[in-house]
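> Have a look at the structure that comes next, please.
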Amino acid sequence: MPALRRLAHRAIQATVAGFNRNPWTGEVLELVPRSVAPIYTHDGLRTAHNHTFIDAPDFQRAYRRGVQAAGWDYEIYWRVHVILWAAGTAQTVPGAFVECGTGRGFMASAICENIGWDHRPFYLFDTFQPGSVSPGSDERHATSSPYYAHGSEGVRENFREWAGVRLVVGTVPDSLAQVDVGSVAFLHIDMNDPGPEAAALRHFWPSLSPGAVVVLDDYAYQGFEASHRSANVVASEFGFSILSLPTGQGLTIKPFEAPLA
């Protein structure tokens, strides 16, 4: 029996190797070790590492509120886990919250639900229109996308329960001059477009309070290499670094100008 199992295993390996050599598909097969641990496999991420945060009641409540805002489930649990941690950490930092690229409001709704938003300003910058953007390109297209908002009024209604949320309608970077947000404690950038993303990061970095948390949704995501490069240019200009996360996000924290005692 052990010899038969070894023979079957070699046959499977050969089949997988043969499939991966084929020229007619861009997909590959991979043999992974059998594990008794629960496997997380969503949003381009596969791991057996601890992800019990998904079962936490607070996380589930916040995630459901994000799904309610978007109209469907993106299955981006770990990305939401990161954004909730970042926003929760930024609560101790003085300043407004800012999001550039809100769409229908998935992430911002999850944040507001998780924190229990009050009158602290939370500025949401977006066109709130359905025009799509090609990943890695500054070129905007008129093609309607189901993932984006179809007007600001529906999004405004979604956030009506949280008094501090303020929509800023327009294209970035032009709309950044519409309001003076003052100091910033939390910045989330997700516009799927490297030019506006870099412009937003460059605009807000000087306004970030020490300890402010920045999350770049597209930074390490496959297919968004131009966003990665443009963010690194800004980081080099201001002398900070960005942590690349396996969720596809980038994370950085505004350093304190003086060493902590």
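Values in this text are rule-based calculations from the coordinates and carry no lab data. All values derive from a computational prediction rather than experimental measurement. FYI the Cβ positions are ideal-geometry reconstructions off the backbone, even for glycines, and counts take in every protein chain you see.
> Here are a few candidate values for semi-axes √(5λ) of the Cα gyration tensor in Å: [x] 26, 22, 17; [y] 37, 21, 20; [z] 30, 18, 16. Which one was actually calculated from the structure I just gave you?
Entry [y].
> Report the extension gain between Ile39 and Gln68 in nm, rounded to one decimal, defined as 0.36 nm multiplied by the number of residues separating them, less their alpha carbon distance. Spell out each step's value before the answer.
Numbers: separation 29, 0.36 × 29 = 10.44 nm, distance 2.60 nm.
Working it through step by step, the gained length comes to 7.8 nm.
> Out of all DSSP beta bridges in the stretch 82-232, what portion is antiparallel? Express it as a percent rounded to 5. Write out the running numbers ahead of the final one.
Working: 2 of 21 bridges.
If we restrict to bridges inside the stretch 82-232, about 10 percent are antiparallel.
> FRET efficiency for Glu257 and Leu4, Cβ-Cβ distance as r, R0 = 51 Å, nearest 0.05? Spell out each step's value before the answer.
Working: r = 68 Å, r/R0 = 1.33.
That pair, Glu257 with Leu4, gives E of 0.15.
> Something else now. Which stretch or stretches of the stretch 202-226 have amide N atoms under 18 Å from the point lying 7 Å from Val28's Cα along the Cα→Cβ direction?
Correct set: 222-223.
> Here's a follow-up. Along the Cα→Cβ direction, 7 angstrom out, place labels at Glu75 and Ser183. What is the inter-label distance in nm?
Taking the two extended label points, one gets 4.3 nm.
> I would also like to ask the following. Using only Cα atoms, find the angle between the long axis of helix 106-115 and the longest principal axis of the chain, and express it within 0 to 90 degrees, rounded to the nearest 10.
Roughly 70 degrees between the two axes.
> Which distance in nm do the two modelled labels at Thr92 and Thr47 give, with both placed 7 Å along the Cα-to-Cβ direction?
It is 2.3 nm.
> Report the antiparallel proportion of the DSSP beta bridges in the chain as a percent, rounded to a multiple of 5.
Values: 11 of 30 bridges.
Roughly 35 percent of the beta bridges in the chain run antiparallel, per DSSP.
> Something else now. Could you tell me which residue out of Pro196, Val213, Trp78 lies farthest along the dipole of the chain toward its positive end? Charges go on the beta carbon: Lys and Arg +1, Asp and Glu -1, centred on the Cα centre.
Projecting each Cα onto the dipole axis, the largest value belongs to Trp78.
> Next question, about the same structure. Peptides 168-175, 212-219: what's the order by average Cβ count within 10 Å, highest mean first? Please list the in-between numbers first.
On the way: 168-175: 16.6, 212-219: 26.2.
Ranked by mean Cβ neighbours within 10 Å, highest first: 212-219, 168-175.
> Helix 77-90 against the longest principal axis of the chain: what's the angle in degrees, Cα atoms only, rounded to the nearest 10?
Tilt of helix 77-90: around 30 degrees.
> Now for a separate question. For His119 and Asp55, what is the calculated FRET efficiency with R₀ set at 22 Å and r taken between the beta-carbons, to the nearest 0.05? Spell out each step's value before the answer.
Working: r = 32 Å, r/R0 = 1.45.
Given R0 = 22 Å and the Cβ-Cβ separation, E is 0.10.
> Related question: Tell me the angle of helix 225-238 to the major Cα principal axis of the chain, expressed in degrees between 0 and 90 and rounded to the nearest ten.
Rounded to the nearest ten degrees, it is 50.
> Assuming R0 = 25 Å, can you tell me the calculated FRET efficiency for the pair Thr171 and Arg229, based on Cβ-Cβ distance, to the nearest 0.05?
Working: r = 21 Å, r/R0 = 0.85.
Computed FRET efficiency for Thr171 and Arg229: 0.70.
> At most 13 other C-beta atoms within 10 Å and a DSSP loop state: those are the exposed trypsin sites (Lys or Arg not before Pro) I care about. Give me the longest piece of the chain that has none.
No qualifying site falls inside 35-159, the longest such stretch.
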